[in-house]
Amino acid sequence: MAFLSTILLFGGCLLLMRLIQLLVSVRRGQSGSVLTPRTTPARTMVVMGSGGHTAEMLRIVDRLDCERYSPRQYVIASTDKTSVVKVIESEIRREPDPEKQTYEIITIPRSRDVHQSYVSSIATTVLALINCVPIVLRARPELILTNGPGTCVPVCLVAFLARLLFLNTKCRIVFVESFCRVRSLSLSGRILLYIVDMFVVQWPELVEKTSTTRSDIRCFGRL
């Protein structure tokens, strides 16, 4: 029993050290640049929201080089039928030939509905988190791209845990805060600020407010 306790304690210490190292490197922008040139395509997971989130994200995705960011997997809340249609339309415009299309749509339970209370959203977020585990581990994305819908929280948390446990160390997360967030971060942004590899805002006011937390916040203007 003493030997087992020692092993568990040692493993816990190693895991804690790994967590601290990962959080520090992310905060300082040293976790591996997502802008490093690649010679092979990056498996890309795009987390869609609804309404304005989807419109903004599709504008970003439309600018991606489909050969460099392929295959693409779109994660969408199971109740968000509109985003499914918009994604299909976008991919058809990109490549009309079905045999050459390199994308997939994956649905998960919505982690938080609009106007849902924070307390009740805990249970729905946990459910979404559980559903994301096999999806993220099977897909092994090298890039996760999101702009702040509630759906992105469980996806990014699972991806971060997989990286923490050396199950997918190549994964990098890019969070682009919504254009409508001018003076304060979204709830998703406040949660994921500490674990994403690149955090992008579209208003300089947000850079000033978050610079004490992270030194590598980027402001690209309206995307």
If we ask which residues in region 102-129 are more than 17 Å from residue 158 (Cα to Cα) and among the polar types (S, T, N, Q), their number turns out to be 5
Look through region 182-221, keep the residues that are in contact with a helix residue (DSSP H, G or I) (Cβ under 8 Å, 6 or more places away or on another chain) and β-branched (Val, Ile, Thr), and return whichever of them is modelled with the lowest pLDDT.
-> 213
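Residue under question is residue 179, and the condition is that it be farther than 22 Å from residue 46 by Cβ, modelled with pLDDT of 85 or more, open to solvent by 20 Å² or more (accessible area, probe 1.4 Å) and assigned to a loop (DSSP other than H, G, I, E, B); does it hold?
Numbers: farther than 22 Å from residue 46 by Cβ: no; modelled with pLDDT of 85 or more: yes; open to solvent by 20 Å² or more (accessible area, probe 1.4 Å): yes; assigned to a loop (DSSP other than H, G, I, E, B): yes.
No.
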Across (1) assigned to a helix (DSSP H, G or I); (2) in contact with a Pro (Cβ under 8 Å, 6 or more places away or on another chain), residue 168 clears everything bar (1)
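Determine, yes or no, whether residue 20 is at pLDDT 85 or above, part of a helix (DSSP H, G or I) and under 21 Å from residue 149 (Cα atoms). Walk me through how you get there before you give the answer.
Details: at pLDDT 85 or above: yes; part of a helix (DSSP H, G or I): yes; under 21 Å from residue 149 (Cα atoms): no.
Considered against the rule, which asks whether it is at pLDDT 85 or above, part of a helix (DSSP H, G or I) and under 21 Å from residue 149 (Cα atoms), residue 20 comes out as no.
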In region 193-223, residue surrounded by the fewest Cβ atoms within 10 Å (Cβ to Cβ) [restricted to those that are acidic (Asp, Glu) and within 23 Å of residue 61 (Cα to Cα)] | 216
Any chance you could count how many residues in region 79-101 are surrounded by 14 or more Cβ atoms within 10 Å (Cβ to Cβ) and closer than 25 Å to residue 153 by Cα?
-> 8
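Does residue 106 meet the test of being open to solvent by less than 80 Å² (accessible area, probe 1.4 Å), touching a residue at least 12 places away in the same chain (Cβ under 8 Å), over 15 Å from residue 188 (Cα atoms) and not in a helix (DSSP H, G or I)?
Working: open to solvent by less than 80 Å² (accessible area, probe 1.4 Å): yes; touching a residue at least 12 places away in the same chain (Cβ under 8 Å): yes; over 15 Å from residue 188 (Cα atoms): yes; not in a helix (DSSP H, G or I): yes.
Spelling it out, residue 106 is indeed open to solvent by less than 80 Å² (accessible area, probe 1.4 Å), touching a residue at least 12 places away in the same chain (Cβ under 8 Å), over 15 Å from residue 188 (Cα atoms) and not in a helix (DSSP H, G or I).
Quick check on this structure: which one of 190, 138, 112 is assigned to a loop (DSSP other than H, G, I, E, B), open to solvent by 60 Å² or more (accessible area, probe 1.4 Å) and not acidic (Asp, Glu)?
Matching residue, one of 190, 138, 112: 112.
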Taking region 29-54 and the residues there that are open to solvent by 10 Å² or more (accessible area, probe 1.4 Å) and in contact with a Leu (Cβ under 9 Å, 6 or more places away or on another chain), the one that is modelled with the highest pLDDT would be 43
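The values are calculated or read from the model by the stated rules, or taken from the named source; none is laboratory data. Small disclaimer: the values here were computed from a predicted structure and weren't measured. Counting neighbours? That spans all protein chains shown, and the Cβs are built from the backbone with ideal geometry, glycine included. Only protein heavy atoms, including side chains, enter the accessible area calculation; ligands, DNA and RNA are left aside. Shrake-Rupley method; radii C 1.70, N 1.55, O 1.52, S 1.80 Å.
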